[in-house]
Each structure stands twice: as structure tokens, then as C-alpha cells.
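One structure is given below, encoded as C-alpha cells.
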Amino acid sequence: MAARRALKFGVTIFVLQLLFILLFAFLAEYDDSAKPDTNGSYSNQSSSDIPLVYPMFQDVHVMMFIGFGFLMTFLKLYGYSAVGINMLIAAFVLQVALIVRGFIYADLIGGDRFPINIGEMLSADFAAATVLISFGAVLGKVSAIQLLVMAFFETILAQLNEYTGVHKLHTADIGESMFVHVFGAYFGLAVARVLYSDDTDEHPKEGAVYHSDLFSMIGTIFLWLYWPSFNGGAASGDEQHRAVINTYLSLAACTIVTFALSAIVDKKGRFDMVHIQNATLAGGVAVGTTADMPLEPWGAILMGTVAAVISVLGFKFLSPAMTRVLKIHDTCGVHNLHGMPGVLAGIAGAVMAALASKDKWGSSMCDIFPARAEDDSTACDRDLDTMRTAIEQGGYQMASLIITLLIAIVGGGLTGLLLKLPIWNMPQGDLLFDDEANWEVADNAVV
Amino acid sequence: MAARRALKFGVTIFVLQLLFILLFAFLAEYDDSAKPDTNGSYSNQSSSDIPLVYPMFQDVHVMMFIGFGFLMTFLKLYGYSAVGINMLIAAFVLQVALIVRGFIYADLIGGDRFPINIGEMLSADFAAATVLISFGAVLGKVSAIQLLVMAFFETILAQLNEYTGVHKLHTADIGESMFVHVFGAYFGLAVARVLYSDDTDEHPKEGAVYHSDLFSMIGTIFLWLYWPSFNGGAASGDEQHRAVINTYLSLAACTIVTFALSAIVDKKGRFDMVHIQNATLAGGVAVGTTADMPLEPWGAILMGTVAAVISVLGFKFLSPAMTRVLKIHDTCGVHNLHGMPGVLAGIAGAVMAALASKDKWGSSMCDIFPARAEDDSTACDRDLDTMRTAIEQGGYQMASLIITLLIAIVGGGLTGLLLKLPIWNMPQGDLLFDDEANWEVADNAVV
Amino acid sequence: MAARRALKFGVTIFVLQLLFILLFAFLAEYDDSAKPDTNGSYSNQSSSDIPLVYPMFQDVHVMMFIGFGFLMTFLKLYGYSAVGINMLIAAFVLQVALIVRGFIYADLIGGDRFPINIGEMLSADFAAATVLISFGAVLGKVSAIQLLVMAFFETILAQLNEYTGVHKLHTADIGESMFVHVFGAYFGLAVARVLYSDDTDEHPKEGAVYHSDLFSMIGTIFLWLYWPSFNGGAASGDEQHRAVINTYLSLAACTIVTFALSAIVDKKGRFDMVHIQNATLAGGVAVGTTADMPLEPWGAILMGTVAAVISVLGFKFLSPAMTRVLKIHDTCGVHNLHGMPGVLAGIAGAVMAALASKDKWGSSMCDIFPARAEDDSTACDRDLDTMRTAIEQGGYQMASLIITLLIAIVGGGLTGLLLKLPIWNMPQGDLLFDDEANWEVADNAVV
């Protein structure tokens, strides 16, 4: 039985990978800057984005595989899956995202091919983040094949949502707090709701041991450190410099407040590792949409402060209530780390958009909001036939946030229904939160 | 009691963070290179320091949070605090340092605001290093609130000392071996001396277990790897290239000699993890002041070799004697890793300064020692009214080292006295070296 | 006895390090770009390679010390040695490699000195990789002094082989899959063959425990993440951009297929940590030689797919057979991760070389294969008196692969014989795969 199941799983993803080869063979090509120069003129040395983009890309890459992977090793018996299945999903989504983005952005039917470059690799890593956030909500409760099915549909929907937000509604979200964090969190929560089982109630394996908490901190800290690259990686010039500064300050403030509140809400006044591992990061999410905007240093610090309050209180009071009342069991508390802080980020983005003016923002106004009117008679971007006011731009930002929530929740719910079919070997009872479901596990006897 | 204490702690740092918001709101601003361009000319893309400075900044950032944090996880029951409180202190000092530096360097009273940019972020991370080194000396023996009080006063004094050294005495210390390592080590040792308690004598919890030593090595190796960025991050051009080369070579040599001596000084000829975790890094400290100077490759290797000898012998013979005779209990042995190698770096800097000549150093002489005379009639820096000879510059370097030692020891002693007040909930007896004092600790039963 | 042995070990490597100081003092100098500018013109700021090369160098540096070091911590009782001795060997090889390369490339006898710069540091790190791969084959079965003796001879031979391949045969191997991976793997396997002992048969200490597998994953993932820097660090322009893209895609595909096959070959259909820790990386090796060539995205994905198949099947079926039949005991399975995928890379390089044409490859053809003829009458590189056709270049690539295999196997065999002398304190019986042979080990009692 198990062997047949495995064969099914193994053969399925092997065949999928062969299919990817075909899709890339027929539809993909190197971007011009990565193609051999066949014009005789040796010009593309300078046009390479590698020196500027690669260091930040690698930081984001570390966040995906070390950051998310180790953050989720906190469960005492689910470490192999946390870091291993995380790697599987991310490697899968990277490829799916490149293909899906190709279908969306390139005229494949017209015979074009979609280009691959370092910028697309960064976008593919962001796409992986979306799914890894959802993974956090269902950690320990689904099978590897369920995760891959979820990853497939979620990536398609998330890319369509991002396309709508950025290219149809012309909304700004430099650190992807809406398109990645809000989407990933609420999609995952919707899946978790549909798949809810009483088996998870006070499950003895849902908890940490001392050293699993330390492994988890490896993930937390790499996420924390490299978050300025996540929020600034897609920006440039003064926008990028601000994104780095704002994220750095927001996270520093968020960390202080997380420690403060963690002690305050504990009966014995001690810190809780769950808060430190997660809520310290909420400042990176909360400042994501506005990171490249002239928030001012104090504004960034304020965002981090508010994010920590929301996140710690969420872990302490809201999450238990959500499980009890709404039957949403959120293993990693992604609602508190990605969900609510992401909504906060989206709202802050709308507010900032409504306050933006050419006087104060200078050239950044048009850089960040291309659909704005530069002045009464000039569009920021001549190619777009839009002349939005500040208030209108703010409205579009809010619309984008709401659309993101809708697509995530409905898409997650439908995906959850699909995953409820009794064909996916969903773990139950004693196999919940346990690597034994997926892995040949080393025994712990030292000799 | 505990809850009231926690409330006091939590509320205090929460209020402090709110105060920081106000201070940043009234006193800070983005640096020009991070401000929106409101002049119409789109010029600040090129002026951004992000492409040049950011990769090295991130390396230093990793050193602070992963490096120091995990290095200190070697204690078997103090891992949460090592990596968690390390994060709290660093996030706190980052903000304090930016503010303190603002008061020192900007004309705040005249109405100016202090600028925030990637260079200031690097300086703020260096400021965190100072305090994290002192943390090593008192690890496991003080409460979180004591650490924050220490961090506050230490950051002020360390910034004033650095200002005196760099801007008044015009001394060179590119890798901050004097201003960060010597200061942090002797400040921490002075605090440890004042807080000395017999309770720490052969305390059963002051020791490692197998896997805590491996966690610690994560810290060691990231510190080791990124040290060239620490010593070279504030340099540029050929000075930066040399800083990277010298640090790389010094650390490689230091590692070999540490292993050699660790085996030699052990009765059974085995390596000691304490040496490997710490003394291998002494080469980075020892070459810090001279890293950008034309030491020559062999000179860098010699510095690393000497540093390893001092450091391993310090761990083996000096530290136990310091505890016994001087009643200085140095949990992480920061005297051997940061203290003595830092003094060595300072002396080497003075010697190199006394040997520097325009003939051999070319433009580097004035770049590194702006207070020197370029020749008999020309000052290196016209704005400074100084025309120092090589010997004079060497004297100023020594003076700066001695002032650093004095401020650190006196400042640390006074801070220690303040921390001795019976209001800080200093851990005692069984709570020494134990996370239970600060954390809700996961129990170790697997199921 | 043990103490005398240690003294011998310690004094030997200490003296060696002193000898290195002399060699560097008489033979090495800073590269021009790292020398002080003594011409008055301040020109070398711009000529520094630091901004372009340093970020990728640091990624490779992390691969050597964190990547290899932690990958090998999977053994339950050999973690100190994995990460510690790895550090010792790497720091040793860095210095040996710089000196050996000096003897090969600089006219030392004619009075020149060999230059040190960031590029040489990258080459020295690559040299360390070669030895660390061999270390994997003999992990747990040899003493520290044996490893240093092996490192010394292997580094000399590997550098001579690389010199022959690159500068005499003019073969391309941008990611050093032949010169580093094939060489290191087969050299190590030859040593392991000569040192084979029945003691290793089903040794109770040769295995993982739960948390040692997680430590190992830290190594795996950092190797996986930064592999594009390994394959692209020595390239530039569009070649570098392609190297990054190809490696990224190859590794993603390799990861999917590794998981697929790991489940397929297991009786109960579970994943095996050994496969995930190792075979996921084979895609980086397999694409190494051709990484900068216009493989096309699908070609890179195909390479990763094939690499995973070879590697997982190697672990499952070939390795046990090699131990049983050939008496080659390969602790980390380097044959499956570095050996066979490296041979695949070399063959792929030969095939690509035989297909390369000016039409399709443009300026990349001459950049990658300088010994080719640009057209019927023009040499790619006028300084070389070669006008090779595509097929000829393919032949030279194969020749280089075969020479690499020969030198590695013969050199490894001879080195093995030297290490068989009964003077090296080779561990036996209960000290196999056990840190007790080298370290003062922390006991595991928590209090």
C-alpha cells in the first residue's frame, strides 16, 4: 500500500519534471542580457543586472530555503519535513512560477518565448514565499502530494492576482506584503479551515523541544536579517535605499516591542519562544508595501511597533479563539506573522498613496505610482491612459488589497475541497506532526 | 512577584520604544541619497551607496545576529537567551546608537536632523558588536533588564570614545579593534568584576552538551567567514582590497595555530571546542586596526599566528587565574578573543603608523592618517591644522588605545555598580546560566 | 602516548605555519589592485575587483566552511570533527594553494613574487573544495594528521592538473566540475580504497540521529543556495548571467527528481535523508562545466534531472556494491554527489564544445574556448598558436577529463599508501566515526 502510494507520488512528480523540460524547451529562452552576443559588438557585459541584483537575490534565496525551512523546524518530530519538504515545494514552485509568468506576460501563442533572467528568478523566489507561507498554516497536517497540489493551484492564482494588482490596477507593493504575505496567509488559512480535523486538538506532537526551538531560530534570524533585501530587491536608486532603511528600522522596533509584550502577556512574565520566532518578523511584513515610500524613519519604527503589538496579541489571544470558534488551526500562526501585518501593510500603502504629492515625493511619486497624474495635464506614464489623483490611487490600493483577500480565501477554500478528496493520503491521528509519515527517520539511540 | 517584575520590564522597554519614535520623529531624517529627488533632476540613482556597501553591511549584520547569537549558545541550558537576548540587545543598540551618533555628529540644537543611510546602519551594527562582546563576559549571570541598562550606558560611552579617537585624536582603526573589541571586552570584564559572585564557582550549568557545541560552531564560522567584511566594510579602493586580503590570511593562519596549540596544551592531546569556537577568530580582531595598511601578506599571517598563541594560552592559563585571583568571571572568554587580541591590534596599529611614509604608502598614507603631513609643507587634510610625523601619529594611536582602555574599565566599573543595586532581579544560584530565568522553556520529552 | 602524539601533531603544524610565514614573506605580494597607489594618480579605486567579485566569493566561502562543514555533521558522534576538522583543512589548503599556485604561475625563480587578490582567494577556496570532497570519502576513518598530509599532496596534484587542463589543453570548466569535483571525488575514493578496513562493516557509530540530520541540512541548503556563485564566480558578462541561471534551474529540477526517486526506491515509499542531503546537490555539479555555455534553460533542467537519477541510484545500489565488491567505503557517498555527476559534467562539456559555433555562440565561443579558431583564418586568441575546430575542442575536453581521472586515482592511491604507514595514529575499532579520537567531548548530561 505505502509502496504503491509512494510509487504514485514519485512517478507523478517525476513525470511533472519531465513535462517542465518540454515546456521550457518550447516556451523559454535566456533573456537578451544572458544570451551570447552574436552581433559582434561586445555590449552586454555592462547590461548585465547581475552585479546590482544578484546579492539581494541571494539574500532572498536564503530566506526561502534556510529562513522558511528552519523557522518551521520548531516542532519536535517534524524537522525533516519542515526543512526538506520546504525545499521540495520551493524548488517546485520556482519552476511553476516561471512557466505561469511566461503564460501571463509573454505572447506565447503569438510565438514568443518567455525570457529568464535574474529578475525573473527573484520573482520566482517571491512566488515560492507565497506557498511557503501557506505551508506554515497546514504544517504537519497534510501529505507531500497535497502540498504540491496546493502549490500548483496557489501559484497560478497568486500570479494572476499579482498581475491584476500591478498591471491592471497599477498598485504599488514593493515588498509584496499584499501579493505574497496576505495572499499566502489567507489562502493557507482557508485550506486549513476546510481540512480541519478534531485530531489536532491538543495533539501531543504539536510542540517544541529545546533544541528544535534553536533550529527554528536559525530560520527566524536569517529571515530577519535579509528582509531589507526582500523589500528592496525589486527597487533601485533612492527607493531602494529607503526600502532598506525602513525595513531595518521597522524590524528593530518590532523586536523590542515583541520582547516587551511577550513578557507582559505571560503570567510568570517570561518570554515565549513562539513570539520571538515569529512576531519579531512582523515588522518586515508590515512595512512591505510602503518600504520604498518616504515614510520617514519614525514612520518605519511606528509600523514595526504596531506590527509587534498585533502579532503578539494575535498569538496570545486570537489564534486559540480562531481554532476554537472558527475551526481554523494555524500551525505556525501565519495569520499573526503574515496575515494581519500584511493587511496593515496594505492599508498603510493606501494611506500613503492618498497622501502622496509631487511636491513632497518628487520623482518618486511617478516611479512608485505610474498611474498617477504628474500634474494637472501630464500623466506620470504616457503609455497608461490614467491621470489618477492621490485619493484615487489610495482607493485602487485598497481595492487591490480586498481583491487579494477575496481570491486568496475563495481559492484556498476551493483548493481545500480538492485536497479533502480521500485520494491524497492525508495524515491522521498519530501520524500528524510526525516525520514518520514521510521519512525514514533516524533513531535517537547514540550507540 | 514575577509577573509584576515582567510588567515592569515589559512596560519599561515598550515606553522606551515609544520614546525612540518621538526622538526619530523630531531629530532624524533620511540621508540625501535616500530622500526622494524633488529637484527634477533624476540624479541620485548613481549616488546611492547601496551597490557598494550593502553586501558587506549584510555580512556584518549576519555576524551580529547569527554570529554572536549562536556563538553564545554553547551553554547547555542557555541557548534561548544566547540567541534571543542577543537579538533583543542588538535591536535595542541599533536604535540607541543611531540616536547617540545623531547627538554627537549632527547639530541637533542648531535645528539640524541626523541623517540615516546605509553607512550609519553599518556604524549602528558596529555599535551593537561592542555591547554583544560585553554580553559574552556576563553571559548567564545577569537579567535582561540589566543587559539593556548596560547596553544603554555602554553605547553612549563607546560612541563618545570612538568620536574622541577618530575625530579628535585622528587615529586609524578601520576594523574597530580598539573602539569595538577592546572597549567591549574591558567594559564587560569590569562589569563582571563588580558583579562577581561565588555562586558561579564550578556551577553545574556552566558547560556545554554535544549539540550545543555544534550550534555554537554556526556562530563561530559565520563570524570567521564574514570578518573580512567587518574589517573592510568601511574602507574603499585598494585599502578595502587589502583589508579583505589581510583578514582572510590572518584568520587562516590563526585557525591552524589554534588547532596546533589546543592539542599541545591538552594532557591527552585532544582539541578543545572552547578554543576552536573562539581562538580561531582572534586573527580577525588582531588584524583589525591595521587591516587596510600595507602589512604585506606575511605580516597578516604573522598577526593571525600571534593572536592564536595569545588566545589559546589565555583560555588555558590566564582565564582560570583571572577568576581565582582577580575574581573576574568571563563566561565566554572575551578577554582572550576580543581583549588581548584587540590590544595587540592597537599596538600593531601604532607601530605601523610610526613606520608609514609617503614613499612606501603612497596615497594610502593620507587616506588612512589624515592628520599626517604629506610632506614638509603640506598637510594631508587641509581642513585639519595638523602636520604630524610618523612617530607622532604612532603616539596618537597608542594614546587612543590607552584612552579606550580607561573609559572602558572605568565606565564598566561604574555601570557594574549601578547594576549591583538590588532592583534588577539578577539571577542567583540555580537560575544562573539557565533559560528558566527568562523563558518559558520547552520540555525535552519527545512525546 | 596520546600526549606525545598530540605534541608531534601540534608542533608539526605549528612549524608548518611558521614556514608559511617565511614563504609568503619571500615569495608573495599584494596584487597591484591591492597595493597602495604610489604614483600620485589615484586610479586604483575603480580597478578594484572587490565590488564585482566579493559577493560571489563570500558565497563560495560559506559553501566551504558552513556548507561542507555542516553537510558532514550527519554522523551522530562525529559532528565536532565534521565542522571543526573541515575548518582546519580548509584554512590549511587556502594557504598551501596560494603558495602552490605561486610556484606554478609566477616566475619565482626569476625573482617575481606571486600576487594575492580576491580572484586568487576564490581560486584558493576552490582548491579547498577539492580536498573537502575527498575528506567526505574518508570521513571518520582517518586522523587529523592524515588529513593534512592528504591535503598537502592533493592540493599540489590538483593544481598541477588544473594548470594542465586550463593552460596546456585549453579546456573550459567554469564551475570546476572536472578539476574540483571529479578530482576530489576519485582522489578520495582511491585513498579510501587503499585504507579499507573490515572494521567499518556495519559499524554502529556510522549513522545519524534525528538532530544530526538537521545540522547536516544546514550544510546541504547553503551549498544548494550558493552553487550559482560557485559556477558563476569566475565568469563575467553574459557568461556569468547564464551560469547563474543554468545552475539555479538545474538544482531546482534535481531537487524534484531526487525526492521522486527517493520515494520510488524505498520499500515503504518514504524519503531518505541521505538522498535529500546529497543528491539534491548533484545538479550543481552536473551543470558545472557547461554552466556558462548556451545550454538553454531546458538543457540546464535536463542536466539536473539526469544528475538526480544517477545520484539517487548511486546511493541506493552502487555504493553498497562498491563497498562489498571493490572494498571502497565512501562515508559521505562523494562518488554519487561529486564523482559521477562530475564525469557527466565533463562529458556534457565535451559535447557542447563539439557543437559550439560562432554563429550560435557569438563572442561567447572565443571567450569560453580561447583555443578555437574564430573563423577559417583567425585564431580566437592570437597569443595561442591554436586554431581548433569544434570537434577538436570536444576531444581536448574529453582528454582533460580522462587526465583528471588518471591523476586523481593514481595520486590518491599513492597518497593512500603513504597514509597506510603505521605512524599516523589512524583510528580503529571503537574510535572509528567518533569524535573521542580527536576531541575533548562534552558529556550529554544536562545537569
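Of everything in the range C:106-124, what is closer than 16 Å to C:Val60 by Cα and β-branched (Val, Ile, Thr)? Give them in sequence order.
Result: C:Ile118, single match.
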Failed criterion for A:Val209 (all others in (1) touching a Leu at 6+ places or on another chain (Cβ under 7 Å); (2) of a type outside the set (D, E, K, R); (3) open to solvent by less than 20 Å² (accessible area, probe 1.4 Å) hold): (1)
Pick from the range C:297-306, criterion facing chain A (nearest Cβ under 7 Å) and open to solvent by 10 Å² or more (accessible area, probe 1.4 Å), ranking: farthest from A:Phe24 (Cα to Cα): C:Leu302
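To keep it simple, each residue is scored yes or no on (1) in contact with a strand residue (DSSP E or B) (Cβ under 8 Å, 6 or more places away or on another chain); (2) within 14 Å of chain C (Cβ to nearest Cβ); (3) closer than 23 Å to A:Ile174 by Cα; (4) assigned to a loop (DSSP other than H, G, I, E, B).
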{"position": "A:Met72", "(1), (2), (3), (4)": "no, yes, no, no"}
{"position": "A:Ala82", "(1), (2), (3), (4)": "no, yes, no, no"}
{"position": "A:Ala97", "(1), (2), (3), (4)": "no, yes, yes, no"}
{"position": "A:Arg101", "(1), (2), (3), (4)": "yes, yes, yes, no"}
{"position": "A:Asp112", "(1), (2), (3), (4)": "no, no, no, yes"}
{"position": "A:Ala129", "(1), (2), (3), (4)": "no, no, yes, no"}
{"position": "A:Phe152", "(1), (2), (3), (4)": "no, yes, no, no"}
Where a residue in the range C:22-36 is at positive phi and its partner, wherever it lies, is modelled with pLDDT of 95 or more and surrounded by fewer than 18 Cβ atoms within 10 Å (Cβ to Cβ), with Cβ under 8 Å and at least six apart: none
Matching residues, the range B:425-447, being within 18 Å of B:Gly10 (Cα to Cα) and away from every other protein chain (no Cβ under 14 Å): B:Met426
B:Ser319 more than 23 Å from C:Ile118 (Cα to Cα), outside any loop (DSSP other than H, G, I, E, B) and of a type outside the set (Val, Ile, Thr): yes
Residues of the range B:405-442 satisfying the condition of being assigned to a helix (DSSP H, G or I) and on the phi > 0 side of the Ramachandran plot: B:Gly429
Count - residues of the range B:266-293 that are open to solvent by 20 Å² or more (accessible area, probe 1.4 Å) and either at pLDDT 95 or above or within 25 Å of the chain's Cα centre (by Cα) (or both): 2
Check on C:Ala356, out of contact with any Lys or Arg (no Cβ under 9 Å at 6 or more places or on another chain) and either open to solvent by 10 Å² or more (accessible area, probe 1.4 Å) or within 30 Å of C:Asp385 (Cβ to Cβ) (or both): no
Residue that is at negative phi, without any contact (Cβ under 8 Å) to a residue 40 or more places away in the chain and either open to solvent by less than 20 Å² (accessible area, probe 1.4 Å) or in contact with a Cys (Cβ under 6 Å, 6 or more places away or on another chain) (or both), where the choices are A:Arg382, A:Arg372, A:Arg324: A:Arg372
In the range B:410-447, residue surrounded by the most Cβ atoms within 10 Å (Cβ to Cβ) [restricted to those that are among the aromatic types (Phe, Trp, Tyr) and in contact with a helix residue (DSSP H, G or I) (Cβ under 6 Å, 6 or more places away or on another chain)]: B:Trp439
Residue that is nearest to the other protein chains (Cβ to nearest Cβ), among those in the range B:394-409 that are open to solvent by 80 Å² or more (accessible area, probe 1.4 Å) and over 22 Å from B:Ala151 (Cβ atoms): B:Tyr396
Which numbered condition A:Thr386 misses (of (1) modelled with pLDDT under 95; (2) assigned to a helix (DSSP H, G or I); (3) more than 14 Å from every other protein chain (Cβ to nearest Cβ)): (2)
Sole residue being among the aliphatic types (A, V, I, L, M) and more than 17 Å from the chain's Cα centre (by Cα), chosen from A:Leu189, A:Leu195: A:Leu195
Selected residue (only one of C:Leu261, C:Leu157, C:Leu249 is modelled with pLDDT of 95 or more, within 23 Å of C:Leu71 (Cβ to Cβ), open to solvent by 10 Å² or more (accessible area, probe 1.4 Å) and touching a helix residue (DSSP H, G or I) at 6+ places or on another chain (Cβ under 8 Å)): C:Leu261
Residues being within 16 Å of the chain's Cα centre (by Cα) and within 19 Å of C:Thr164 (Cα to Cα) - total across the range C:99-121: 1
So B:Asp367, is it within 14 Å of chain C (Cβ to nearest Cβ) and either closer than 15 Å to B:His170 by Cα or surrounded by 15 or more Cβ atoms within 10 Å (Cβ to Cβ) (or both): yes
Number of positions in the range B:12-24 that are facing chain A (nearest Cβ under 7 Å) and over 17 Å from A:Tyr248 (Cβ atoms): 2
For C:Ala190: the one exception among (1) assigned to a loop (DSSP other than H, G, I, E, B); (2) within 20 Å of C:Ala137 (Cβ to Cβ): (1)
Filter result (part of a helix (DSSP H, G or I), without any contact (Cβ under 8 Å) to a residue 12 or more places away in the chain and over 22 Å from the mean Cα position of the chain (by Cα)) within the range B:202-233: B:Tyr210, B:His211, B:Leu214
Which numbered condition C:Lys205 misses (of (1) in contact with an Asp or Glu (Cβ under 8 Å, 6 or more places away or on another chain); (2) more than 7 Å from chain A (Cβ to nearest Cβ)): (2)
Segments classed as helices (runs of 4 or more DSSP H), wholly inside the range C:234-296, with at least 2 members that are of a type in the set (Ser, Thr, Tyr) and more than 7 Å from chain A (Cβ to nearest Cβ): C:237-265
Qualifying positions in the range A:131-173 - of a type in the set (Lys, Arg) and touching a Pro at 6+ places or on another chain (Cβ under 8 Å): A:Lys141
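The values are calculated or read from the model by the stated rules, or taken from the named source; none is laboratory data. Note that the structure is predicted; figures quoted are calculated from it, not measured. As a convention, Cβ positions derive from the backbone with ideal geometry for all residues, glycine included, and neighbour counts pool all protein chains shown. The area values use the complete protein model at the heavy-atom level, side chains included, leaving out ligands, DNA and RNA. Shrake-Rupley method; radii C 1.70, N 1.55, O 1.52, S 1.80 Å.
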